[in-house]
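The values are calculated or read from the model by the stated rules, or taken from the named source; none is laboratory data. Remember, predicted model here, so these are calculated numbers, not experimental data. All Cβ positions, even for glycine, are placed from backbone atoms using ideal geometry, and neighbour counts span all protein chains on display.
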Amino acid sequence: MRILSRAAVIVAICGAVAVSLFPFYWMVRTSVAPADETFSQGISWVPTRIDLSGYGRAWTSGELGRAMVVGLVQTLGILALQLVTCVPAAYVLAKVRNRATGVALTMVLVGLLVPSQVTLIPLFVGVNVLGIADSISGLILPFCTSTFGIYLIRQQIMSIPDALLDAARADGLGHVRRLTSVVIPIAAPGIAAFSVFSVFAHWNEYLWPLLAVRSAELRTPPLALAAFQQADVGYDYPALTAGAVIVTAPIVVLFLLAQRQFVHGMSGTEITE
Amino acid sequence: MRVNVKRSPGDGTRRSMRREGLVPMLLMAPAAAGVTLFVLIPAVLSLVASLFRVPLTGGAWTFVGLDNFGRVLDDPAVRQAIGNTIVYSAITIVPSLVLGLGLALLTNAAGRGRPLVRTALLLPMTANLVAISVVYAWMFSHPGGFVNQVLAVVGVAPVNWLGEPGTALYVVALVGVWRTASLTMLVFVAGLATLPATIDEAARAEGIRGLRKLVLITLPMIRPTAVFAAVLAILNSVQVFDTVSVMTGGGPLGSTETVLTMTWRIGFGYFDLGTASALAFLLLVVLIAVGVLQRRTLSGWGR
Amino acid sequence: MRRRLLPALSALTAGSLLLAGCGPGSGPAATQVTAPTDVAKCDPAKSTLTISHQPPAAEAVAVAKQRMAARYPNLKINVNALQTKTYDEFTRAVVADIAVGKRPDLIISGLGQIRFWMEQYKPAPIDAAALPATYRKQFLSAGTLDGKVYVAPAQVSVPMMAVNQTLLRKAGAGDAAGIRTYDDLIAAARKVTAMTRRPSVTVATYNIPDWLSQGFVQGAGGTFVTGDGRPAFGDKLGGDAISLWSRLKREDLELGIVMDADSQAAFAGGTAAFLMTSSASIAGLQKSIGDSFEWMPVDLPTVNGQRGPMPAGGNGWLVLSDDPCRAAFANTMIGDLLSTDGVMAASGTSYSYIPVDSAAAERLLASDAATPQTKYAWGYDRELTPWGGWRRGEVTGQIVDAFRTMAQRLQSGADAGPTIQTAVRAIDSLVSG
């Protein structure tokens, strides 16, 4: 009985892992298969030979090379701005209590309920008024701060004992020094978790770039891939899936490297206040 | 997972900190400006714009009262999109939650292979939706797609999965479940990790095992986690856009059009930003209701 | 918390309203007529001309760009080649460009989209006198609205049917030229289908459903649009003409392919024996079919065997500039785009459009590339009507979508009567505003 249920668990795990990984496998398999095998009869689990020419076509015709650079600038630009705005705000909201911070906290909690997807039309009108539509700033600025980031980092900072901060204050450290030399080192894991989350979210963001970007030079990786798919490349699935591999790979690598931070970071995310 | 509500620092500290004055305000200012400018004002503007005629092609805003809402709710295509979104949500939210919890429990039962299993099961959550939609569209392609190849092996005629109004929405929803289950699993894994080991021992001593233990002990204890996972699943489903946009473009015959793709079509296909805002605002109201409901549920339990 | 929320919300609302006041409406005015000035007064070095076009125009744009560079070495020309499949998708892309302040000076416009551009952006009429002497002026009517020429037709096409003669012969289904009515078509298709045991006709419904419907109705001698731009295809003749899709589906003779590229591939690959599409694709079909089977383009069959005038498909050039000098350069460039060389490139290589230049037509018909198939397009000289002609340009996109929905419903076998009446009502309410 014990052994039977153990076997069932193992079978279930294998099944789940297979379903979870299969699309990745099929993506890589198609991308390295020769083009004339794409529509072969019957299932071919492994291509007869490896043909990497699809990657060349995706990189050049799909203009994914340029898109990767844009994606990097956009993602890191957003991350930098978010850290600069969110960490100090999180500190103040966690450790300073007055009427202003009360209002600000309410703003953050309300803001958490408003995803950018549903406000995209006013955002679009807004970036036009600011004159930053179809520019890299137009991709970055709307995400210059994150209510989720403020909330998450604030949760971390709240767990820092006040005694520690009082001692620093007694040593003559002002708010800024207390933030940089006491708070940030202790809250680093939470900040790291949020950073990974931010990079995930904005590297994968599709809807806003679709709206904010008009020039081909400013296409982000998902945008370039979608454009490559919609342009009549016929049925060049090796090139298309190669493009998908190129767009997916950096995030998967980042996930494998930062998995622990991410999983731990997610554990503090539910809104309990 | 933090279940306990953290209390703010002692009163004495607070009072003395207040005297330091302006610096905290300055530290908060950039974030406050960002949130106001890019989150709160747009949210209010989406209501304002929905009361106006706002042509994307330029020209002045003209006040039309509630006409846009009337137009949205009158349009059979929009009603179809709302219906599709409800169906999509129904067939993604519940399976995602059940699967997510199941996968989390499975991962915990995986023994030594646990980290590896967890990594494999979390990968769908990280995947780029555009890229993965391209792959799924290819797997479900009418000619040459993997699924039809499998069907051919068992002698079933190929199905035009994404080309038939009867099947397209389900294929798109499958991608939604594949991904959202991975996300909810992450939440459940984190939630289960906070359960004290003594519970397990106590349950074992009482002889409560398996499904009974899940329903009687585990689930009630991770209720905030479950609520949070449910909210994430709802948010993901109600706002589905990327997969639809890449895999079907809303077709065939509007069978995969959702609220967000419809907003897009009205605003940037028919150049009517006012009506699009009205539809987006309705979605916003639903999302805020979900958020408020979540907090009600949790605070009712937590205190 | 509630007490704090209220003042905050009202402050936000006030701020938002202020912002709304300076929304896109007060941006660069979209409603502005800019007449081109005398090109001689303009300094080419101070202008950058921006052109937006779709793939079929690429070769002609390359020719014209070269000629412009020879004439104005200092003029900078930006070419924006959009990868859109349909004219309404192209319109959307350009409108979004304009919304973010990137208004092109010269665009290609689908011949069914002219009223949209005219009403929404008030472009200046083009200078028809500046067109080359060999330009076939009869095509200008397809670019004329309310008596003014807004678009110089560049790549013109008609709906046609391509027939796989080899398959017909094998099935004993007669000759392509003998198919004049729907009944002829269905009889022949039945024979082919009986032999191959799969549907043998393909009429895609994605790219040009409105234009094909117009061809079906007008070919039978019916009226598609009334003189004041309302739907007229709801009568008996219109219904019979458009119901072709569902008739074919009911007999399992239509493949049900939605996308045009797929449908052409099905014909070129020998799956479909009958393909209804634009005459512009003859050149591409010829290239991919090669010698693998014998085929011919023929006139669209009609419900009653009549041969009414077809709607002019394709596109033309429209000056959208909001600057008098750039408008003047754009007008000059139209002359190059529609020069004999330009038209050769537009109609003779990848796409077989009806040449809008008489010298180009003669040269194409005398060239090696002139086969019985391409001659159908290059030698087409029958009367054409404008494409569409609906009264409110603003709803052009919705009208095309309404036809798309109708055609796809019919294609999947919906009852023709109610489906067509639904489309008539939807379009009537759209054009009524």
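List of remarks:
Each row is one residue, and each column tells you yes or no for (1) more than 7 Å from every other protein chain (Cβ to nearest Cβ); (2) not in a helix (DSSP H, G or I).
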site: A:Val127; (1), (2): yes, no
site: A:Ile132; (1), (2): yes, yes
site: A:Leu139; (1), (2): yes, no
site: A:Pro142; (1), (2): no, no
site: A:Phe148; (1), (2): yes, no
site: A:Tyr151; (1), (2): yes, no
site: A:Arg154; (1), (2): yes, no
site: A:Asp166; (1), (2): no, no
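- In the range C:308-322, the condition of being surrounded by fewer than 22 Cβ atoms within 10 Å (Cβ to Cβ) and either within 26 Å of C:Gly270 (Cβ to Cβ) or modelled with pLDDT of 95 or more (or both) is met by at least one residue.
- Residue count for the range C:81-95, restricted to those that are crowded, with 22+ Cβ neighbours inside 10 Å and under 15 Å from B:Gly58 (Cα atoms): 3
- A:Ala12 vs. criteria within 7 Å of another protein chain (Cβ to nearest Cβ) and modelled with pLDDT of 90 or more: yes
- Boolean, C:Asp240 is under 25 Å from C:Arg382 (Cβ atoms) and without any contact (Cβ under 8 Å) to a residue 40 or more places away in the chain: no
- Taken residue by residue, the range C:406-417 has no member that is more than 30 Å from C:Lys65 (Cβ to Cβ), touching a strand residue (DSSP E or B) at 6+ places or on another chain (Cβ under 8 Å) and outside any helix (DSSP H, G or I).
- Members of the range C:268-280 found to be at pLDDT below 95, buried (at least 17 other Cβ atoms within 10 Å of the Cβ) and not aliphatic (A, V, I, L, M), listed by number: C:Thr271
- Subset of the range C:61-80 (residues that are of a type in the set (A, V, I, L, M, F, W, C) and either assigned by TED's automatic domain parsing to the domain that holds C:Pro209 or in contact with a Pro (Cβ under 7 Å, 6 or more places away or on another chain) (or both)): C:Leu75
- If the condition is being more than 27 Å from the chain's Cα centre (by Cα) and either of a type outside the set (A, V, I, L, M, F, W, C) or surrounded by 21 or more Cβ atoms within 10 Å (Cβ to Cβ) (or both), then the range B:192-246 contributes B:Pro196, B:Thr198, B:Asp200, B:Glu201, B:Arg204, B:Glu206, B:Gly207, B:Arg209, B:Gly210, B:Arg212, B:Lys213.
- With respect to the conditions (1) more than 19 Å from the chain's Cα centre (by Cα); (2) surrounded by fewer than 23 Cβ atoms within 10 Å (Cβ to Cβ); (3) of a type outside the set (Phe, Trp, Tyr); (4) closer than 23 Å to B:Leu283 by Cβ, A:Ser116 lacks only one, and its number is (1).
- Complete set of residues in the range B:218-266 that are of a type in the set (Phe, Trp, Tyr) and either assigned to a loop (DSSP other than H, G, I, E, B) or closer than 19 Å to C:Thr405 by Cβ (or both): B:Phe241, B:Trp264
- Residues of the range A:104-113 that are surrounded by fewer than 19 Cβ atoms within 10 Å (Cβ to Cβ) and closer than 24 Å to A:Ala212 by Cβ: A:Leu112 alone.
- Note on the range A:169-220: residues that are surrounded by fewer than 14 Cβ atoms within 10 Å (Cβ to Cβ) and facing another protein chain (nearest Cβ under 9 Å) amount to 3.
So that you can scan it fast, the table gives a plain yes or no per residue for (1) crowded, with 24+ Cβ neighbours inside 10 Å; (2) within 18 Å of C:Ala62 (Cβ to Cβ); (3) modelled with pLDDT of 95 or more:
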site	(1), (2), (3)
C:Ser347	yes, yes, no
C:Pro355	yes, yes, yes
C:Ala366	no, no, no
C:Thr371	no, no, no
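- Qualifying residue in the range B:124-141 (condition: within 22 Å of A:Val11 (Cβ to Cβ) and of a type outside the set (Val, Ile, Thr)): yes
- Filtered residues of the range B:100-151 (kept if assigned to a helix (DSSP H, G or I) and under 13 Å from A:Phe22 (Cβ atoms)): B:Ala120, B:Leu121, B:Leu123, B:Pro124, B:Ile132, B:Val135, B:Tyr136, B:Trp138, B:Met139, B:Phe146, B:Val147, B:Val150
- Exclusive hit being among the hydroxyl-bearing types (Ser, Thr, Tyr) and more than 14 Å from chain A (Cβ to nearest Cβ), set B:Thr218, B:Thr180: B:Thr218
- Residue within the range B:166-177 that is within 18 Å of B:Thr248 (Cβ to Cβ), in a helix (DSSP H, G or I), out of contact with any Gly (no Cβ under 7 Å at 6 or more places or on another chain) and without any contact (Cβ under 8 Å) to a residue 60 or more places away in the chain present: yes
- In the range A:84-125, the residue that is farthest from B:Leu235 (Cα to Cα) out of those that are at the interface with another protein chain (Cβ under 7 Å from one of its Cβ atoms) and among the small types (Gly, Ala, Ser) is A:Ala100.
- All positions within the range B:140-164 that are more than 19 Å from A:Tyr237 (Cβ to Cβ) and surrounded by fewer than 16 Cβ atoms within 10 Å (Cβ to Cβ): B:Val153, B:Val154, B:Gly155, B:Val156, B:Ala157
- Some residue of the range A:30-37 being at the interface with chain B (Cβ under 7 Å from one of its Cβ atoms) and surrounded by 15 or more Cβ atoms within 10 Å (Cβ to Cβ): yes
- Residues located in the range B:107-122, provided they are buried (at least 21 other Cβ atoms within 10 Å of the Cβ) and within 7 Å of chain A (Cβ to nearest Cβ): B:Val117, B:Leu121
- Filter pass, C:Ile126 being farther than 19 Å from C:Thr277 by Cβ and surrounded by 24 or more Cβ atoms within 10 Å (Cβ to Cβ): yes
- Members of the range B:50-88 found to be small (Gly, Ala, Ser), part of a helix (DSSP H, G or I) and surrounded by fewer than 22 Cβ atoms within 10 Å (Cβ to Cβ), listed by number: B:Gly70, B:Ala77, B:Gly83
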